[in-house]
Amino acid sequence: MEDRLTKEEVLHVANLARIEIDDKEIEMYQVKLKKLLDQIELVTKIDDNDSDYLIAPWNNNSEFRKDEVGNMLNPKEVLQNAPRKSGNYIEVPVVISNE
Amino acid sequence: MNKYLDLSLQEINNLLINKKITPKDLVIESFERIEANKDLNGFITLNKEAALKRAEDLKDQEVTSLTFGIPIAIKDNIITKNLRTTAGSKMLDNFIPIYDADVIERINEAGMIIIGKANMDEFAMGSSTQTSYYGPTKNPWDKTLVPGGSSGGSAAVVSSRITPIALGSDTGGSIRQPSSFCGIVGLKPTYGRVSRYGLIAFASSLDQIGPMTRNVYENALVLNTICGKSKNDLTSVETNEDFTRLIGKDIKNMKIAIPKFYVNDTIDIEIRQELDNIITLLKENNCVVDYVDIKYIDKAVPLYQIIAMGEASSNLARFDGIRYGYSYENPKDINDLYLKTRKNGFGNEVKRRIMIGSYLLSGKNATTYYNKALAIRDDMRNSFLDIFKNYDLIIGPTATTKAYPLGQDLDDAVKAFMDDILTIPVNMAGLPGMNLPIGFSKDHLPIGMQIIGAPFAEAKIYQLASYIEKELNLDLNPNLGGDDNE
Amino acid sequence: MSNYIPTIGIEVHVELKTNTKIFSSSENGYGQMANSLTNVIDLGYPGTLPTLNEQVIKTAIKAAHVLNCKIRKKQHFDRKNYFYPDNPKNYQITQARSPIGYDGYVEIEIGNNKKKIEIEEIHIEEDTCKSAHRGNVSLLDFNRAGVPLIEIVSRACIESSEEAKLYLEKLRELLYYSNISDCKIEEGSMRCDANVSIRKNIEDKLGTKCEIKNIGSISNVGLAIEKEIERQSKLLDKGETFKEQTRRFDDKQNDTVLMRVKETGNDYRYFPEPDIPYIELSDEIINSSIAELPMLPDERRKIYKERGVSDINITKLIANRSLSDYLNLFLDTKLNFKEASNLLLGDISAYLNKTEKDISNTHLTKEKFIDLVKKVEDNTLTSKNLKDILDDILESDKTIAEIIKEKGISNITDSNMLQDIVLKVILENPDSVKDYKAGKDRAIKYLMGQIMKETKGSANPKLVNQILINELNK
């Protein structure tokens, strides 16, 4: 068994997380993520008796919100913390698609 | 310097009612103590001007409760309108929220005065408050030591009597462990007891906000204020009870369980000895104390890594430099904006956990690990619930060690989670759990025990805790505040 | 080009008609000032949590019911994780594992045959925000962020562009009639994606599929599918293979164009949404939601047919829901639906179009309409009369009798007076009388016309006809 992930695997994860990492970090994660996987491997070996999930320790089912309009922000408040804006809009650099 | 903030809330309340002091005196004293202990670094952002103004506004109002006019510190992952909220991260260094968390509305209604935003591990990811972008907080008992974490700022501030009350949050032990390191009472309530609306999410199925105080009674008072159902949080639950109601009541015949895993020899010997003293005390009071097994409790850390990191990787995806917070300045395109914003905005520990979480949810891992973890989590919770069919409470140590030196273990991932090995199971099962100071090590550092209850059994936790507190009658004031100035 | 067998699956996103968004109390609205219909939840602010809109659940129950789906009683939501500027939290809350509806179908008529288009599932999810491209930046408007959607996923059982179009038309009709959505493709409240693959023989396994995203109209769905079949056929003819792709339909080029080649499986890292506890649907909420459903089009068609409405009028009525709804107010009366539908689709529609009004905004009460249909039926009102007073009927509170009186509308039913006019016309047109006697029926129409002209259209035609034939036969 390999003792590390491939560089490609680490880059795939970094891309999923949208975190830029350098060569040193790639190397670190190659080892670290594999080590972690080995540590948690034991979890898959556990034979639990039933198949119920615990998504969260909820104490109730969802209640529903009445379909009534509540307070809203004005565009100025929407833009208050935005680093880039234009008119009433929040601005972002254009999405590069491979069209 | 005055010493009103060393008094109990009842004593302060008397002074306020009799107009001997005003809320402003308390606020001024808080800021004097902060000033006198600057090196403690308990706060990220101070709220001096607004706090003084609020104290002024409260001056002529009727003193309605024991918490009226009392200074409070708020962990900096709890959203405060118009008061900078950073979660200890560069990512939110410039973030001024436009709404209040539910708990903030409640403590405001109760007349408390926010002194500042307490330091914490970045996005609550850490157990020593050393991952904060704003530098580590120091332990008031020994400033070369960590205060624990992630609510280390809140714990240090209450321990050093800067504010009598702080709010913390607890995902895997973040209230209880620093409370044990700093010698205060900290409670993680039942999942759903306190609204999470306005708590910057780390792991949504584990997070809870809770009170951190100098003693048991005051802790129950704060829980009275912040608990209850909110229309903003579907997982919150309506409760209508007074958490102080069992305080002082006899504990005779109480049935106490100790998980065998909680007395294993990885735990500091001094801590085990202190716990033994408590067990003796309880037995002397005709309590039943039994050792029990809880399924998968020893597997809680790997389960936690899967679940908490998975949820965190998703919860922290929203920090992308578009709508708020730090944003990389000259991105080539949108992807560059994402990559660089998150590279520069997050610290190493946060990035590491996001990477782990993303990895464990990616591709086939989600079915191999995540689903499996949820299934085992269900069994673990059921095993806890089975214990509570026969026992009133579970006890054990809070942490495996007492406070350790600053700078240690920062990069040891496994060791970092070992700090939380005794607290994580409680979050996994959604139970209430408290740290109660029960003694000191030879080098006079606080040692704490953990009291764990069935869902919504906080009142019973307070009952046992108040009994032990009274019996031990410890001096938990590190006596820092202002002494140097006199 | 060889013949291949196409296999088509269709995914439809439909925005639900609710007052508020799915997870927040912001208004669900269209065409308002940018970023004026939002709150901190829609913006994905730190610390915010979703709350679930009851109406979304009820509406989705209705959708599952009208699309003949089974309804799942216990559900939860899931997070679909991906970074995109229109996705505020960078995860979308959806139902990946426990869709509210499953195993349904929609029946279409293709030629003279009926076919069930099978529906695999209906799930609930939130819409993204809207982005508009301006040079090297995109502008984000969060008004749409969190608008409730249902996604309806068909099985890959559609075999032609024609079936695809019929399916979508039927789907739109059903959802529109059920008040689930206004289904305006041009406003984006209904969005269609088609998955197309082809194979040589029915025994072969399915070919490589390509997805055509967000097609702007139902007819373009048909075109896009045809073009895509053509494109894939040519490639296979040449012996080429191709990768899974995402394409879009370009109106101007009248063809599908490549958007991106699909990566080896999108890695959305789905996991259950911890912020929303289980949704348990009680029988009560299921039944009360279904009870709110209005009568569906097929049922209407059946009843109209039974009550003598012509096929063409039935089609027109179904296409105009507000008139159909109006007509349905009279289901428990003896109203002549044939005459009523003529009136509604004729003069009344003309009036409504002219004034841009809905029938509910006129003064045409139930009683008045019954009276109107009766008066037209028994020729108390001629079509000329009707044209003269229709505006008044629709715009005033007066009864039709009052209006007739006030307007001095004469519908000459005085047979003596008519007899004089008839005789006058007969005398003036001896040729036509001759033609009539020679058995030319055309003549009678001409004479009728002359009499109506003489009476300025106000004569009761039935009566005139009677008197005329009487006189001619003397």
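Just so you know, all these numbers are worked out from the coordinates, no wet-lab data involved. Here the structure is a predicted model, which means the values were calculated and not measured. Glycine gets a Cβ as well: all are built from the backbone with ideal geometry, and neighbour counts include every protein chain shown.
Show me, for segment A:62-77, the HN-Hα J-couplings you get by feeding each phi into the Karplus relation (A = 6.51, B = -1.76, C = 1.60, θ = phi - 60°), rounded to Hz, glycine and proline as x.
After applying 6.51 cos²θ - 1.76 cosθ + 1.60, I find 5, 9, 9, 8, 5, 7, 10, 5, x, 5, 10, 7, 8, x, 4, 5 Hz.
What's the magnitude of the charge dipole for the protein assembly as shown around its Cα centre, counting Lys and Arg as +1 and Asp and Glu as -1 at the beta-carbon? Answer in Debye, nearest 20. Write down the numbers at each step before the final one.
Working: 137 positive and 158 negative charges, 443 e Å.
That gives the protein assembly as shown a dipole magnitude of about 2120 debye.
May I ask which residue of C:83, C:69, C:128 lies farthest towards the positive end of the charge dipole of segment C:41-135, with charges of +1 (Lys, Arg) and -1 (Asp, Glu) on Cβ and the Cα centre as origin?
C:69
Using the 10 angstrom Cβ neighbour count as an exposure proxy, how do B:182, C:192, C:183 rank, fewest first?
Lowest count first: C:183, C:192, B:182.
Identify which of A:68, A:20, A:77 has the largest mean-square fluctuation in a Gaussian network model of chain A, with springs joining Cα atoms closer than 10 Å.
Greatest mean-square fluctuation among the candidates belongs to A:77.
Taking segment C:204-299, which chymotrypsin sites (Phe, Trp or Tyr not before Pro) meet the DSSP loop condition and have no more than 13 other C-beta atoms within 10 Å? Write down the numbers at each step before the final one.
On the way: sites: C:242, C:249, C:268, C:270, C:278; in loops: C:242, C:268, C:270, C:278.
Here the chymotrypsin sites (Phe, Trp or Tyr not before Pro) that fit, given the DSSP loop and packing criteria, are C:242.
Considering amide H positions built from the backbone, and no H for Pro or chain starts, which residues 5 or more places from residue B:114, or on another chain, come under 5 Å of its amide H?
Placed amide hydrogens put B:72 under 5 Å from residue B:114.
Roughly how many debye, to the nearest 20, is the charge dipole of segment C:415-472 about its Cα centre, given +1 on each Lys and Arg Cβ, -1 on each Asp and Glu Cβ, and no other charges?
On the way: 9 positive and 7 negative charges, 36 e Å.
Dipole size: approximately 180 debye.
Among C:400, B:128, A:80, whose Cα projects farthest towards the positive end of the dipole of the protein assembly as shown, with charges put on the beta-carbon of Lys, Arg (+1) and Asp, Glu (-1)?
Result: C:400, furthest along the dipole toward the positive end.
With everything on Cα atoms, drop me the angle between helix A:7-17 and the longest principal axis of chain A, reported from 0 to 90° to the nearest 10.
For helix A:7-17, the angle is close to 30 degrees.
Exposure proxy check: C:329, B:83, C:175 ranked by fewest other beta carbons within 10 Å? Write out the running numbers ahead of the final one.
Working: C:329 11, B:83 20, C:175 26.
Arranged by neighbour count, lowest to highest, C:329, B:83, C:175 become C:329, B:83, C:175.
So if each residue of separation counts as 0.36 nm, and I subtract the Cα-Cα distance between residue C:217 and residue C:445, what length gain in nm does that give?
Details: separation 228, 0.36 × 228 = 82.08 nm, distance 4.76 nm.
Full extension of this stretch gives 77.3 nm more.
Under 24 Å Cα to Cα from residue B:295, which lysines show up? Leave out anything in the same chain fewer than 8 places away.
A:45, B:188, B:255, B:260, B:372, B:389, B:415, B:460
Considering the dipole of segment C:295-407 built from charges on the beta carbon (Lys and Arg +1, Asp and Glu -1) around the Cα centre, which of C:382, C:336, C:361 is farthest to its positive end?
My answer, from the dipole projection, is C:336.
Could you run the Karplus curve 6.51 cos²θ - 1.76 cosθ + 1.60 with θ = phi - 60° over segment C:17-25 and give me ³J(HN,Hα) per residue in whole Hz, x for Gly and Pro?
Using θ = phi - 60°, the values come out as 7, 9, 6, 10, 6, 5, 10, 8, 8 Hz.
Any of B:231/C:21; A:35/B:299; C:316/C:366; B:332/C:89; C:58/C:130; C:58/C:357 with alpha carbons more than 19 Å apart? Name them for me.
Details: B:231/C:21 15 Å; A:35/B:299 16 Å; C:316/C:366 21 Å; B:332/C:89 22 Å; C:58/C:130 26 Å; C:58/C:357 30 Å.
Where the Cα-Cα span goes over 19 Å, the pairs concerned are C:316/C:366; B:332/C:89; C:58/C:130; C:58/C:357.
When chain A is treated as a GNM, springs tying every alpha-carbon pair under 10 Å, which of A:84, A:65, A:18 comes out with the largest mean-square fluctuation?
Sorting by GNM fluctuation, first place goes to A:84.
To the nearest whole number, what is the average tally of beta carbon atoms from other chains within 10 Å of the beta carbons of peptide B:325-337?
4
Segment B:24-101 to segment C:34-100: how many Å between their Cα centroids?
The two parts, judged by their Cα centres, are 36 Å apart.
Going by C-beta contacts inside 10 Å, put C:402, C:356 in order with the fewest on the left. All intermediate terms of the calculation are to be shown ahead of the outcome.
Details: C:402 12, C:356 7.
Arranged by neighbour count, lowest to highest, C:402, C:356 become C:356, C:402.
Taking the Cα centre as origin and putting +1 on Lys and Arg beta-carbons and -1 on Asp and Glu beta-carbons, what dipole magnitude results for segment C:5-284, to the nearest 20 debye?
Numbers: 40 positive and 46 negative charges, 88 e Å.
Dipole of segment C:5-284, to the nearest 20 debye: 420 debye.
Net charge near residue A:75: determine it from the other residues with C-beta under 12 Å of the C-beta of residue A:75, scoring Lys and Arg +1 and Asp and Glu -1. Walk me through the numbers on the way to the answer.
Working: positive: A:76, A:85; negative: A:77, C:141.
Computed value for this residue: 0.
Search the structure for amide H atoms under 5 Å from the amide H of residue C:256, placed 1.01 Å from N in the peptide plane, and list their residues when 5 or more places away or on another chain.
Placed amide hydrogens put C:250 under 5 Å from residue C:256.
Give me, ordered by chain and number, the residues 5 or more places off residue C:78 or on other chains with an amide H under 5 Å from its own placed amide H.
The list, which skips near neighbours in sequence, is C:94, C:95, C:96, C:273.
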